[in-house]
Amino acid sequence: MDEPCTSRSAAVDPATRAATDRLIGAIQELSMARSLAGIQEIVRHAARELTGADGATFVLRDVDQCYYVDEDAIEPLWKGRRFPMSACISGWAMLNRKPAIIEDIFQDARVPVDAYRPTFVKSLAMVPIRAMEPIGAIGNYWARPHRATEAEVRLLQALADSTSIAIENVTLLDSLRSAKEAAEVASRLKDEFLATISHELRTPLNPIVGWSSLLLEETLTASEVRQAVEEIHAGALKELAHVEALLDVSQIIAGRTSLETGPTDLGPIVKAAIRSVQSAALAKNIRIEFCEESEVPRVDVDEKRMQQVAWNLLSNAVKFTPNSGSVRVTAMRSPTEVCLVVSDTGEGIDPDFAPSLFQRFRQEDGSSTRSAGGMGLGLAMVRHLVELHGGRVSAQSSGKGLGSTFTVALPASRRSNTAGRA
Ligand SMILES: Nc1ncnc2c1ncn2[C@@H]1O[C@H](COP(=O)(O)OP(=O)(O)O)[C@@H](O)[C@H]1O
Ligand SMILES: [Mg+2]
């Protein structure tokens, strides 16, 4: 008689073969997973089916805690609960970077029996996810005494290794996705900014071109020539101011600004800023009020830079407040700081826009046809300058149409604590 066929595949028992097939299936599914939730779903089912256990858990490390994210079991286990790393078996497997195989949970000192008593569990096996630096663990549980075999642990460990790669892929994918989104937002902002800046730079050029054309025709009277030159001069000055503002902001944002600080009284700074927006305010019938509390200490600031801060906040307040509104500036002290508060009764800030307020190029109305001029750089510059002085700036508004309040908080001068007002 012929010898019975003894090829290797025929010798593999059906249970082992089924488990291997299930593992291969899980690995394939994991390789296509695109989210952590997807991975959880795959692992919790596969872990239980691989060994035929009565329950499986998927645990993730959350700093110094083990988070029982998901489970598949005959009765509830610890889904959604967290335990300290030092007080659970998944923590032990992660901290020791090796599997824990426990045949009788009541005979093993590592087991927190109080957590197990309400459950069906008699035996368990736990393997860490990512051997070098564990990020989680996969557990198997049996309702009857069972010592997990070497083959079962090997299957679980293979599943854990694939899970680790899948988690790394998903994390990488997430960071690529957020980097791509951030790059798209930055690119869109740059495009919008180019449109805004072109608009802003073209506006003063119109009178320059118009009046210089008239001059070239040589038909103007002497007084018209004077007016032409004045208009051209004013337009050129506006253009210069725009270009200087752009250069200034890029220097400040690149961290190439040095401050010349000295103990300074905020009062004259605010008054000078009010003077420079007064004509714009008068044109809109906006009242500006300055309330200077007594004994406001001096601040260590660069006067010219603080002037820019005050001017930007005030010019915004006037710009974004409709006719007949009011603007109030207050200089006040707190125990360790001096605050400059600029509030207006203007159009307010939409809560959705508030987080972008101090970012450069950001304007709530980003269209190049918007009514208010400006390049969307003022508040970014304010924030950088204030932070350079060791201070903070914040904005508060109850919403659209409800006015805004900007607060600059600066450390009080340590050199001189008395206000230097006459
Ligand atoms: N006082 C204010 N009230 C309402 N919105 C404001 C106020 N100040 C600033 N904003 C909003 O913040 C945006 C950015 O301000 P800013 O950086 O100074 O740029 P710009 O004045 O050139 O528009 C403004 O376009 C506006 O949408
Ligand atoms: Mg502005």
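Annotations for the structure displayed:
- Modelled FRET efficiency - R0 35 Å, residue 214 with residue 246, Cβ distances, 0.05 increments: 0.75
- Ordering of 46-54, 354-362, 208-216, 127-135 by packing [mean C-beta count within 10 Å, highest first]: 46-54, 127-135, 354-362, 208-216
- Cross-link pairs 271/319; 271/400; 238/284; 304/400; 319/400; 238/319 - those with Cα-Cα distance over 23 Å: 271/400; 304/400
- Eligible lysines near residue 122 by straight Cα distance, threshold 19 Å, same-chain separation 8 or greater: 79
- Here the extension length gained between residue 169 and residue 74 equals 31.1 nm, from 0.36 nm per residue of separation less the Cα-Cα distance.
- Take every Cα pair under 8 Å whose residues are at least 6 apart in sequence, average their separation, divide by the length of the chain, and the relative contact order is 11 percent.
- Mean Cβ neighbour count within 10 Å, used as a protection proxy, ranking 384-390, 282-288 highest first: 384-390, 282-288
- Only helical runs count toward this figure. For the chain, summing -39,500 (n - 2.57) over DSSP H runs of n ≥ 4 and dividing by all residues gives -16000 deg cm²/dmol at 222 nm.
Each value in this text was obtained by applying a stated rule to the coordinates, not by laboratory testing. Keep in mind it's a predicted model, so treat the numbers as computed, not measured. When we count neighbours, we look across all protein chains shown, and the Cβ atoms used for this are built from the backbone with ideal geometry, even at glycine.
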